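Have a look at the structure below, then the notes.
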Amino acid sequence: MRILLFGASGLLGSFLAPYLAQAGHEVIAFRRRSDVPSDAPGLEMQFADAIGQARAQAIVNLIALTQVDACEDDLAKASLLNAQVPEMLSRHAAGAPGCFVLHISTDHLYGTPGPHPEEDFHPLNVYALTKYHGEFPVLERGGCVLRTNFFGRSRAAARASLSDWILNEVAKGAPVPVFDDVRFSPLGLHSLSRTIEAVLARRLAGLFNAGSAQQGVSKAEFAALLCGHLGLVDARLEPRSIERLALRAPRPRDMRMRSARLADALAWPIPDIHEEIEHEYPATH
Ligand SMILES: NC(=O)c1ccc[n+]([C@@H]2O[C@H](COP(=O)([O-])OP(=O)(O)OC[C@H]3O[C@@H](n4cnc5c(N)ncnc54)[C@H](OP(=O)(O)O)[C@@H]3O)[C@@H](O)[C@H]2O)c1
């Protein structure tokens, strides 16, 4: 399949691009032109050119402003990247024959106690609200939206995943503050990439949670499982409440997802978090 990938330089994109290429797909990474402004008209013109030239069977959109506090500080940029970009991409893709759109959204838009089915949403901050608005245009044009969260070894020089950050802090011998009152149900980068490939192959339309088992873990439990799996007995994990941090944007405490709809559609089991950690960090001996 010929796949046009937007956001290929980011945390997920830098893993997904080689993953899809190794699986035999032709991956075309969208690159922004430095001589064109990154405002709405400039981006739209570049998207139209890229989609027109690529003649892709599928588009995957990973472009986003993912820094939660930066979204709070710059509503215009958050709205452009998280909401308008998916609208532009899905609109131009609709004019390209046979072009299917897969857009990545987030578990961050769940703001009430979980685990959450897809119908739930309660955005608590600008990041969540703008990501929510970016889903509609994709869905109404017959595309797929995956709400997800993920961990694993980043291949993007400037972007560390949660698990990278934990392991880097442990390696420094420093105390590692980990939240015991924020729960989630992430996938590893390998499973998420495999899921994306399966969705593209089936042209699976609709809104889906893409996470591990719904009981989930707190971020403190995740850090302990990861360090335990890797035999890091000296890790100085310090569980604490997120309330001790003075964060500009309010954060959801329970992002756990029910992913049964996706598991049913793909006819495969939902992995639990232990399997995901083992899969992402396989034993070396
Ligand atoms: N990271 C997480 O833990 C997480 C959790 C849940 C969901 N998600 C979702 O997963 C998706 C991918 O996240 P990620 O962590 O891989 O994001 P990321 O590392 O922040 O990468 C964002 C991408 O957007 C591109 N981008 C930024 N500004 C742009 C602009 N003006 N024009 C064109 N491209 C621009 C970046 O390209 P440049 O490098 O050129 O700036 C980069 O490729 C997002 O939809 C995010 O909401 C992420």
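Taking a ≥ b ≥ c as the square roots of the eigenvalues of the Cα gyration tensor, an a/c ratio of 1.5 or more together with a/b no larger than b/c marks region 238-285 as oblate.
For region 1-137, just say rounded, prolate or oblate: build the C-alpha gyration tensor, square-root its eigenvalues into a ≥ b ≥ c, call rounded for a/c under 1.5, and beyond that prolate if a/b exceeds b/c, oblate if not. Prolate is the answer for region 1-137, as a/c is 1.5 or above and a/b outweighs b/c.
Report the calculated FRET efficiency for Val233 and Asp120 (r = Cβ-Cβ distance, R0 = 45 Å), to the nearest 0.05.
Details: r = 39 Å, r/R0 = 0.86.
That pair, Val233 with Asp120, gives E of 0.70.
Once the C-beta distance of Asp69 and Ala156 is scaled by a Förster radius of 22 Å, the resulting FRET efficiency is 0.65 to the nearest 0.05. Across the options Gly134, Gly111, Ser163, the greatest Cα extent toward the positive end of the charge dipole of region 100-163 (unit charges at beta carbon of Lys, Arg, Asp, Glu) belongs to Ser163. Comparing mean-square fluctuations of Gly152, Gly173, Gly216 from a GNM of the chain with C-alpha springs under 10 Å, the top value falls on Gly173. Against the chain, whose longest principal axis comes from its Cα atoms, helix 189-202 is set at around 30 degrees.
Beyond 34 Å, how much of the Cα-Cα pair distribution for the chain remains, as a whole percent?
On the way: 7056 of 40470 pairs.
Value for the chain (Cα pairs over 34 Å): 17 percent.
Of all lysines in the structure, those lying under 20 Å Cα to Cα from Lys172, and not within fewer than 8 positions of it along the same chain, are Lys219.
Against the main long axis of the alpha-carbon atoms of the chain, helix 126-140 sits at an angle near 40°.
The C-alpha atoms of region 161-280 occupy a region whose extents along the principal axes are 46, 33, 20 Å, arranged from largest to smallest. The angle between the Cα long axis of helix 13-22 and the longest principal axis of the Cα atoms of the chain comes to about 70 degrees, rounded to the nearest 10. For the chain, modelled as a GNM whose springs connect Cα atoms under 10 angstrom apart, the maximal fluctuation among Ala235, Ala23, Ala246 occurs at Ala246. Between Phe151 and Leu187, Gly188, Leu189, the built amide H atoms are under 5 Å apart, and every one of these is 5 or more places off in sequence or on another chain.
What separates the Cα centres of region 171-246 and region 1-41 is a distance of 25 Å. If both residues of a DSSP beta bridge must be in region 2-280, then about 5% of such bridges are antiparallel.
Okay, helix-only estimate at 222 nm for the chain: each DSSP H run of n ≥ 4 adds -39500 (n - 2.57), divide by all residues, round to 500 deg cm²/dmol; what do you get? Could the numbers behind the result be given before it?
Values: 11 runs with 111 residues, N = 285.
-11500 deg cm²/dmol, from helical runs alone.
Under 5 Å between amide hydrogens, built in the peptide plane, is the criterion, and for Leu237 it picks out Val176 among residues at least 5 positions away or on other chains.
None of the figures in this text is laboratory data; all of them are computed from the coordinates on show. If you're wondering where the values come from, they're calculated on a predicted model, not measured in any experiment. With ideal geometry, Cβ positions are generated from the backbone for all residues, glycine too; neighbour counts draw on all protein chains shown.
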